[in-house]
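Presented below is the structure to which this report refers.
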Amino acid sequence: MKFSKQTWDQLKNITADELIKSLEKDNWKKGVSSGAELIYRKSDGRRVSIHYHPQKTYGPKLLKSLLIDIGWSEKDMRKLKLIK
């Protein structure tokens, strides 16, 4: 998955709270979690593990990996107001 530089510039400051809020807005359901690891599932079988640290941002490699697991396109992220 490849995103434009403009998209990455907007995503690099996304916090765990913002990502979780967007997952829930996109109908992901919280599953069994342990400690700082939150598991979210989608009805189509997709699963993503979010490492939750309040108000912390993710490094580029982890963020890219999360976005690949989630499967959002730039259009989806605009709809969820993660990017403009």
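Since every read-out is calculated from the coordinates, none of them should be taken as a lab result. Since the model is a prediction, treat every value here as computed from it, not as a measurement. Neighbour counts are summed over all protein chains in view; Cβ atoms, including those assigned to glycine, are modelled from backbone coordinates with ideal geometry.
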If you stretched the chain out fully between Gln10 and Lys61, how much longer would it get, using 0.36 nm times the residue separation minus the C-alpha to C-alpha distance?
-> 16.8 nm
Would you kindly state how much longer the chain becomes between Ser49 and Lys84 on full extension, computed as 0.36 nm times their sequence separation minus their alpha carbon distance, in nm to one decimal?
-> 10.1 nm
Whole-Hz Karplus ³J(HN,Hα) for segment 23-34, in order, using 6.51 cos²θ - 1.76 cosθ + 1.60 and θ = phi - 60°, x for Gly and Pro?
-> 4, 5, 5, 8, 6, 7, 10, 6, x, 5, 10, 9
For Asn27 and Lys75, extending 7 Å from Cα along the Cα-Cβ vector and measuring point to point gives, in nm, a value of 1.7
Listed with the fewest Cβ neighbours within 10 Å leading, Lys79, Lys29 appear as Lys29, Lys79
For q = 0.20, 0.22, 0.27 Å⁻¹, Debye-computed log10 I/I(0) when each Cα of segment 5-79 counts as one equal scatterer = -0.87, -1.07, -1.61
